[in-house]
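Have a look at the structure below, then the notes.
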Amino acid sequence: MALHIGVDVGGTKVLAAAVSETGEVLRTARRSTPGRRVSVSLVEDALTEAVSEVAGGLPVDGVGIAAAGFVDADGERVMFAPHLPWRGEEVRARLAARWGTVVALDNDANCAARAEHAHGAARGARDAVIVTLGTGIGGALVLDGRVHRGRNGMAGEFGHMQVVPDGQVCECGGTGCWEQYSSGNALVRYSRARVGVEPTLLTAMCSGNPELLVGAMVTAAAEQGDLVASEAFDSVGDWLGVGLANLVAAFDPEVVVIGGGVSAAGDRLLDPARAALARSLVGVGHRVVPELRRARLGPEAGVVGAADLVRQAQALR
Ligand SMILES: [Zn+2]
């Protein structure tokens, strides 16, 4: 049987997995990401270790890399990765030479979208918008059945669309970016501002120190019926729907898939998003509003999509 491996190179960890043709994760291996102030070869060593552990001595037919960073339009180089030392590095060719096998490369959001489209929540859709709510907002587009990468390979950076003129300052240097209002960070910021102001379970959870508040606490408090935590989800969900109305107006997809850590809240997040989408979208009443679905593949979407990517690259050779 042909062995295809997907590797997700994130900010804190490297996850490698052998993945079947139907998207099933067969075995995995993990390493820590060495950081961004180290040599490129040290990162390659971590990837090599993870890949050989997954291979377990069997010949490898191809390795797909899902990198947390900007990958050029040809899928050859990582132009920039905030948590890794790759700066315009020819990652695909270097790893192919080192491993003596076919290597394919794309960014992690595109790989996750590929996986959701092939095996998950966007399966069978011709056009889909995939939005990942983590610390910030990541995203990807499927157009005419293919992941749309754009001129620079940077399509799908939805988190930095401006939704509030002169709004919150963003790490990107802009103001009022969507991810400042709808993300894990936004959830925490909303909640922190209310600790000590209103009665809430969050005060005890963070020992009265708003700085200690994290997203998981807001989720737990909301599950226990806490009003402040529920309002935080209402706010993040509402802004999610407002931004999605812009994306749906632009791309008219069949389905919108919401993934990432914050999406674990399910309908607590998606119901206000659905309401805001129905309220904000142009032409409601005269069009089919796309379904909002939770992503299905979870944290393994990146490795599954990366393995699919190299399988396809190999088929084209
Ligand atoms: Zn921004």
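Any read-out appearing in this document is the output of simple, stated calculations on the displayed coordinates, not a laboratory observation. Small disclaimer: the values here were computed from a predicted structure and weren't measured. Note that we place each Cβ from the backbone using ideal geometry, even for glycine, and neighbour counts take in every protein chain shown.
Rounded to two decimals, what ratio of Rg to Rh does the chain give with C-alpha atoms and a Kirkwood Rh?
Details: Rg = 20.1 Å, Rh = 20.3 Å.
Taking Rh as the inverse mean 1/r over Cα pairs, Rg/Rh reads 0.99.
Between segment 260-282 and segment 289-311, how far is it from one alpha carbon centroid to the other, in angstrom?
19
Under 10 Å, Cα contacts only: if you run a Gaussian network model on the chain, which one of Thr132, Thr101, Thr28 comes out with the highest mean-square fluctuation?
Of the options given, Thr101 has the highest mean-square fluctuation.
Take each uninterrupted DSSP H stretch in the chain, measure its Cα extent along the helix axis, and return the ones at 24 Å or beyond whose mean Kyte-Doolittle hydropathy is at least 1.0. Intermediate values should be presented prior to the final figure.
Numbers: long enough: 227-251 (35 Å, 1.16).
Helix filter hits for the chain: 227-251.
Calculate, in nm to one decimal, what Thr175 and Ser207 gain on full extension: separation in residues at 0.36 nm each, minus their alpha carbon distance. It would help to have the intermediate numbers written out before the result.
On the way: separation 32, 0.36 × 32 = 11.52 nm, distance 3.18 nm.
Between Thr175 and Ser207, full extension yields an extra 8.3 nm.
Can you give me the distance in nm between label points at His83 and Ala249, each placed 7 Å from the Cα along the Cα-to-Cβ direction?
3.4
Given a Förster distance of 41 angstrom, what is the FRET efficiency for Ser32 paired with Asp267, based on the Cβ-Cβ distance and rounded to 0.05? Don't skip to the answer; put the middle values down first.
Values: r = 35 Å, r/R0 = 0.86.
Computed FRET efficiency for Ser32 and Asp267 comes out at 0.70.
Looking at segment 147-240, which trypsin sites (Lys or Arg not before Pro) are in a loop (DSSP not H, G, I, E or B) and have at most 14 other Cβ atoms within 10 Å? Working shown, then result.
Numbers: sites: Arg149, Arg151, Arg189, Arg192, Arg194; in loops: Arg149, Arg151, Arg194.
Passing sites in segment 147-240 are Arg151.
Which order do Cys177, Cys170 fall in if you start with the one that has the fewest other Cβ atoms within 10 Å? Kindly include the intermediate steps, with their values, before the conclusion.
Numbers: Cys177 27, Cys170 18.
So the residues, fewest neighbours to most, are Cys170, Cys177.
Between segment 133-202 and segment 63-83, how far is it from one alpha carbon centroid to the other, in angstrom?
Spelled out, the Cα-based centre of one part sits 21 Å from the other.
Of the peptides 298-305, 271-278, 230-237, how do they stack up when ordered by the mean number of other Cβ atoms within 10 Å, highest first? Can you show the working numbers first?
Numbers: 298-305: 25.0, 271-278: 19.1, 230-237: 22.2.
Answer by packing, highest mean first, reads 298-305, 230-237, 271-278.
Counting only DSSP beta bridges with both residues in the chain, tell me the antiparallel percent, nearest 5.
Antiparallel: roughly 55 percent of the beta bridges in the chain.
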